[in-house]
Amino acid sequence: MATAATTDDKKPARRVAPKATSAKAASTKPAAKAATARAKAPKLAKPPAAKPAAKPAAAQPANRQSRDSSMTGKEHDEHVERIWELARRIGIAMFVTWDGKQQRARPLAATVEKDEGAIYFLTDVNGQKDEQVSEYPWVSVSFVDHKHARYVALSGKATVSNDRARIKELWTPFAKARWDSPEDPAIRVIKLVPHDAELWDSPGRIVTTLSMLTAAVTGRSPRIGENAKVVL
């Protein structure tokens, strides 16, 4: 005898559908992954703040001192006075020119005009120094007082002229040893305007010699006088 089917047997089995992921949950996953990636990524250092541009240095006053920055203005002026004084007192200078290949030197009588800031020399148009000065005007002159161990060296620009009035003013008995009169057409004038100078000013030959002997015995530096480089 057949068994009657139950109500439950008549109902078909119910299929369970998988749970659908909500749109909100789906949208939050990429954001969460991005946040995790940012957390794991190394932090970059912030670029340093730009420094304000440095202010330009204040303009310095023109240097009227010597090349030795420790020299005061008063010392500079005293050295300049001494240089002009010794050049005038010594009177004869070794006048050095450049001929394009080498230096040439010769002794010349100097007329020192401190008020003009110039030194004058009489020269002969037939000499080579006139041509050398015209082509290479930067020259140097040296005054030597060997007896008192005093020395002055100057350098600057020189010019040659045929200033007949100046030639008469500069005429001396020393010039007469070379030319008959200031009217000689061969005479020329060299004017030197010194740019800088070096001074060796010693207390005297005997003191210098004694100082050198003392230094040889004691090992101390000799007191040989004063040296200064001065921009005129």
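If the condition is being open to solvent by less than 90 Å² (accessible area, probe 1.4 Å) and either in contact with a helix residue (DSSP H, G or I) (Cβ under 7 Å, 6 or more places away or on another chain) or at pLDDT 95 or above (or both), then the stretch 195-205 contributes A197, L199, D201, S202, G204. Residues in the stretch 78-91 that are closer than 17 Å to G156 by Cα and either within 26 Å of the chain's Cα centre (by Cα) or outside any helix (DSSP H, G or I) (or both): V80, I83, W84.
Scanning the stretch 98-130 for residues that are within 11 Å of L192 (Cβ to Cβ) and either among the polar types (S, T, N, Q) or over 31 Å from the mean Cα position of the chain (by Cα) (or both) turns up L108, A110, T111, F121. A single member of R150, R106 is under 29 Å from V230 (Cα atoms), buried (at least 17 other Cβ atoms within 10 Å of the Cβ) and charged (D, E, K, R), and it is R150. I167 passes all but one of (1) modelled with pLDDT of 75 or more; (2) open to solvent by less than 70 Å² (accessible area, probe 1.4 Å); (3) outside any helix (DSSP H, G or I); which number fails? I167 satisfies all of (1) modelled with pLDDT of 75 or more; (2) open to solvent by less than 70 Å² (accessible area, probe 1.4 Å); (3) outside any helix (DSSP H, G or I) except (3). Note on the stretch 126-140: residues that are open to solvent by 60 Å² or more (accessible area, probe 1.4 Å) and touching a residue at least 40 places away in the same chain (Cβ under 8 Å) total 2. Taken over the stretch 77-103, residues that are of a type outside the set (A, V, I, L, M, F, W, C) and crowded, with 18+ Cβ neighbours inside 10 Å amount to 3. For beta carbons closer than 7 Å, sequence separation of 6+ or different chains, a first residue in the stretch 102-117 that is without any contact (Cβ under 8 Å) to a residue 40 or more places away in the chain and a second that is outside any strand (DSSP E or B) and surrounded by fewer than 18 Cβ atoms within 10 Å (Cβ to Cβ), the qualifying pairs are A110/G91; V112/R88. Scanning the stretch 112-122 for residues that are crowded, with 16+ Cβ neighbours inside 10 Å and either of a type outside the set (V, I, T) or modelled with pLDDT under 95 (or both) yields A118, Y120, F121, L122.
The values are calculated or read from the model by the stated rules, or taken from the named source; none is laboratory data. Because the structure is a prediction, the values reported are computed rather than measured. Because the Cβ atoms are built from the backbone with ideal geometry, glycine has one as well, and the counts that use them run over all protein chains shown. Side chains included, ligands, DNA and RNA excluded: accessible areas come from the protein's heavy atoms. Shrake-Rupley method; radii C 1.70, N 1.55, O 1.52, S 1.80 Å.
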